[in-house]
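Reading through the structure tokens given below for one structure.
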Amino acid sequence: MNSHELVLYQYTMCQYCYKVRRYMDAHEIQIPLKDTLRDPEARAELIRIGGKGQVPALMIDGRILYESNAIIAWLHEHFVQPQAAHQE
């Protein structure tokens, strides 16, 4: 079980956001989503925390991780890899 406070800032039509969401779906990873196009407060929150409105952005314990590949790598390390180790 993951003990981090997580939020994925994204929006539906962003291809890089879709890539992250598709990875999450494939691995049954549940993280709260905030749509920065439809929710101006979510965009303002992302900018306040991370300094820019770029998506996808994964908030991890109050810090922002940008870039889809970096987000997927973090998700893999914290959600997918630990489960595989327990199945051996």
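The values are calculated or read from the model by the stated rules, or taken from the named source; none is laboratory data. Given the structure is predicted, the values throughout are model-derived calculations rather than measurements. Reconstructed Cβ throughout: ideal geometry from the backbone, glycine too, with neighbour counts over all protein chains shown.
Data overview
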| quantity | calculated |
| --- | --- |
| Among (1) assigned to a helix (DSSP H, G or I); (2) without any contact (Cβ under 8 Å) to a residue 40 or more places away in the chain; (3) out of contact with any Leu (no Cβ under 7 Å at 6 or more places or on another chain) - the single one Gln30 does not satisfy | (1) |
| Selection count where residues are under 15 Å from Val80 (Cβ atoms) and under 11 Å from the mean Cα position of the chain (by Cα), scope the range 23-42 | 5 |
| Among (1) exposed (fewer than 13 other Cβ atoms within 10 Å of the Cβ); (2) among the small types (Gly, Ala, Ser); (3) closer than 12 Å to Leu6 by Cα - the single one Gly51 does not satisfy | (3) |
| Some residue of the range 46-68 being part of a strand (DSSP E or B), basic (Lys, Arg) and in contact with a strand residue (DSSP E or B) (Cβ under 6 Å, 6 or more places away or on another chain) | no |
| One residue from Ile60, Ile47 being modelled with pLDDT of 95 or more and touching a Gly at 6+ places or on another chain (Cβ under 6 Å) | Ile47 |
| The range 43-60 residues that are under 14 Å from Pro32 (Cβ atoms), paired with ones that are β-branched (Val, Ile, Thr) and surrounded by fewer than 16 Cβ atoms within 10 Å (Cβ to Cβ) (beta carbon under 8 Å, 6 or more apart) | Met59/Ile49 |
| Per-region count, the range 33-45, residues part of a loop (DSSP other than H, G, I, E, B) and either in contact with a strand residue (DSSP E or B) (Cβ under 8 Å, 6 or more places away or on another chain) or more than 16 Å from Tyr11 (Cβ to Cβ) (or both) | 1 |
| The range 4-27, residues that are surrounded by 17 or more Cβ atoms within 10 Å (Cβ to Cβ), assigned to a loop (DSSP other than H, G, I, E, B) and in contact with a strand residue (DSSP E or B) (Cβ under 9 Å, 6 or more places away or on another chain) | Tyr11 |
| Tally, over the range 8-27, of residues that are without any contact (Cβ under 8 Å) to a residue 40 or more places away in the chain and not charged (D, E, K, R) | 5 |
